[in-house]
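For reference, the structure discussed in these notes is given below.
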Amino acid sequence: MNSCYELRREFDGSSNIVMLSIDTFNKISRNDILLKVLSCSDFKLIGISKSYYYYVLKKLQEFNLIRDNKINFKLLASYSYDYKNNSIKIEPKFILVGKKLLCVVNLKNGKYIDPGLLEELEIKDGRNVNLREKVINIISEILSEYLKRGVIYVA
């Protein structure tokens with residue numbers, strides 16, 4: 001599933017990348033309320049009770065996704081551990097924080113690319129261009145650049 005949420009929460013700026021196990025990532029990326037709380041700092045705009053908002057916020061803080069009420073990453077990457085080869089594999093599922101949107105990106109399947117994601121990545125929609133490949137290339141470049149600087153948090 002590829003979807004974007006309007007960004008109504010400040011970005012902390014201290015972390016570029018956070019990595020979560022694929023199971024944890026899936027729990028977050030498939031939960032609309034978690035994504036809304038992640039992207040918005042006002043429970044009234046989300047349409048949930050104050051107590052539930054703070055319960056969800058605490059969960060997101062436990063995963064180091066929010067710090068001081070601000071988003072703590074630019075790219076949330078998912079990984080799986082390969083016990084046979086004793087290695088970590090980065091999965092093609094991400095949450096990207098842009099200038100205006102927080103976008104959930106699944107490059108593993110599906111041909112639909114959210115227009116908001118294309119705008120955040122500054123990709124022009126062309127008729128003879130494989131948009132999915134462009135998104136893959138740009139996110140790969142972002143991931144590579146962030147990994148060169150070091151991973152801030154792995155859970």
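For the chain, taking a cut-off of 4.7 Å between Cβ atoms, the unpaired cysteines are Cys40. About its Cα centre, the dipole of the chain is roughly 200 debye, where the only charges are +1 on Lys and Arg Cβ and -1 on Asp and Glu Cβ. Rounded to the nearest 500, the 222 nm mean residue ellipticity of the chain from helices alone is -11000 deg cm²/dmol, with -39,500 (n - 2.57) taken per DSSP H run of at least 4 residues. In loop segments of segment 1-80 as defined by DSSP, the GluC sites (Glu not before Pro) with at most 12 further C-beta atoms inside 10 Å of their C-beta are Glu10.
Distance between the modelled labels on Ile90 and Ser21, one decimal in nanometres: 2.1 nm (7 Å Cα→Cβ projection). The modelled label-to-label distance between Tyr81 and Tyr112, using points 7 Å beyond Cα along the C-beta direction, is 3.4 nm.
Values quoted throughout were computed directly from the atomic coordinates according to the rules given, and no laboratory measurement underlies them. Keep in mind that this is a model prediction, so the values were computed, not measured. No Cβ is skipped: glycine too gets one built from the backbone with ideal geometry, and neighbour counts run over all protein chains shown.
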